[in-house]
Amino acid sequence: MTGSPKSGIIAIVGRPNAGKSTLLNRILGQKVSIVSNKPQTTRNRIVGILNDPRGQIAFLDTPGIHKPLHKLNVRMMDHVRSSLSEADVIALIVDASEPFGNGDEYVVEMLRAAKNVKRFAILNKIDKLKKHKLLPVMQHYGSLGLFDEIVPISAANGDAVPDLVNLFFANLAEGPATYPTEDYTTQPERFFAAEIVREKVLTHTADELPYTTAVSVDRFEENEGEDIIRIWATIYVERDSQKAIVIGKRGEMVKRIGTEARLELEAILGTRVFLDLHIGVHERWREDERFLGELEWPLA
């Protein structure tokens, strides 16, 4: 390696389902952000840390940009704006397989307001796009006069992702690492446990539920000398009818959610996990500031 180590912050932003969390997990080689095909899967800002011989990059994985309708969504967009203000590079992740529309224009205008920062347009999902259709997409984003780099990639299969990481390092300044070099995220295990449970809820429940479910970890016990973590969590929905969906016939759905979440947590945490799930109803949790504050981990 030549030169001193580099360090910087890269904000990963974009519309819902553009592939932001998939890209972060791909870059880090491990899971720090939950992934689903449902919009608004990411609600908090997730910090993923890449430690490399060239230096350290802190990635800020942000909620999908949209016009907020609830206090929950307002908080989500606050996370986006704070990340934009901190970043050395803004990486706009675009679903290149979808036509440019009003939602994309909304995102572009938000990025125009960010000053003194480099902007990359990362054209994702090129594996879903025929080659002759990619060039017009690149030309369109080039014509906006906003982006320093335009990079086609596939986060799903890793195409051109190493080149993208090289480009990130090339655009960062020399400096000391911001976070301990043994860390790969700032999210505590308690927060991650809630996210893994929520991911399984998103995977197995109907389309009406993603916006109306939340997961709260009520107790998280890790005792010295024991090779087991005990977690008690509540899955919140807004109506009794949704509670019935999450529970399933004879409790089969919540059992499936719990089993899959437990097995994944055991694989990630490297220890046995006891996971006890309950279902609660909170009709207006998306408008309850106190409840939303309890769900969120302070931003790092």
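Quick notes on this one:
- Condition met for Val117 (in the same structural domain as Ser85 (by TED's automatic domain parsing), closer than 22 Å to Thr62 by Cβ and either at pLDDT 90 or above or crowded, with 18+ Cβ neighbours inside 10 Å (or both)): yes
To keep it simple, each residue is scored yes or no on (1) within 28 Å of Leu24 (Cα to Cα); (2) assigned by TED's automatic domain parsing to the domain that holds Asp276; (3) buried (at least 17 other Cβ atoms within 10 Å of the Cβ); (4) touching a residue at least 12 places away in the same chain (Cβ under 8 Å).
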position: Leu164; (1), (2), (3), (4): yes, no, yes, yes
position: Ile196; (1), (2), (3), (4): yes, yes, yes, yes
position: Lys200; (1), (2), (3), (4): yes, yes, yes, yes
position: Ala233; (1), (2), (3), (4): yes, yes, yes, yes
position: Tyr236; (1), (2), (3), (4): yes, yes, yes, yes
position: Met253; (1), (2), (3), (4): no, yes, yes, yes
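- Picking from residues in region 276-291 that are touching a Lys or Arg at 6+ places or on another chain (Cβ under 7 Å) and either at pLDDT 90 or above or part of a strand (DSSP E or B) (or both), the one that is surrounded by the most Cβ atoms within 10 Å (Cβ to Cβ) is Ile279.
- Filtering region 193-223 to residues that are of a type outside the set (Ser, Thr, Tyr) and modelled with pLDDT under 85 leaves Ala206, Asp207, Glu208, Leu209, Pro210.
- Qualifying residues in region 9-31 (those that are in contact with a Ser or Thr (Cβ under 7 Å, 6 or more places away or on another chain) and not in a helix (DSSP H, G or I)) - the one farthest from Pro63 (Cα to Cα): Ala11
- Flag for Ile153 being closer than 22 Å to Glu98 by Cα and touching a helix residue (DSSP H, G or I) at 6+ places or on another chain (Cβ under 6 Å): yes
- Leading residue by the ranking (surrounded by the most Cβ atoms within 10 Å (Cβ to Cβ)) among those in region 94-113 that are of a type in the set (D, E, K, R) and in a helix (DSSP H, G or I): Asp104
- Once region 40-66 is narrowed to residues that are part of a loop (DSSP other than H, G, I, E, B) and over 11 Å from the mean Cα position of the chain (by Cα), the residue that is modelled with the lowest pLDDT is His66.
- Failed condition for Asp148, given (1) out of contact with any Phe, Trp or Tyr (no Cβ under 8 Å at 6 or more places or on another chain); (2) surrounded by fewer than 16 Cβ atoms within 10 Å (Cβ to Cβ); (3) touching a residue at least 12 places away in the same chain (Cβ under 8 Å): (1)
- Filtered by the rule that a residue be closer than 19 Å to Val32 by Cα and in contact (Cβ under 8 Å) with a residue 60 or more places away in the chain, region 166-181 gives Thr178, Tyr179, Thr181.
The values are calculated or read from the model by the stated rules, or taken from the named source; none is laboratory data. From a predicted model like this one, the values you see are computed outputs, not experimental measurements. Cβ atoms come from the backbone with ideal geometry, glycine included; neighbour counts cover every protein chain shown.
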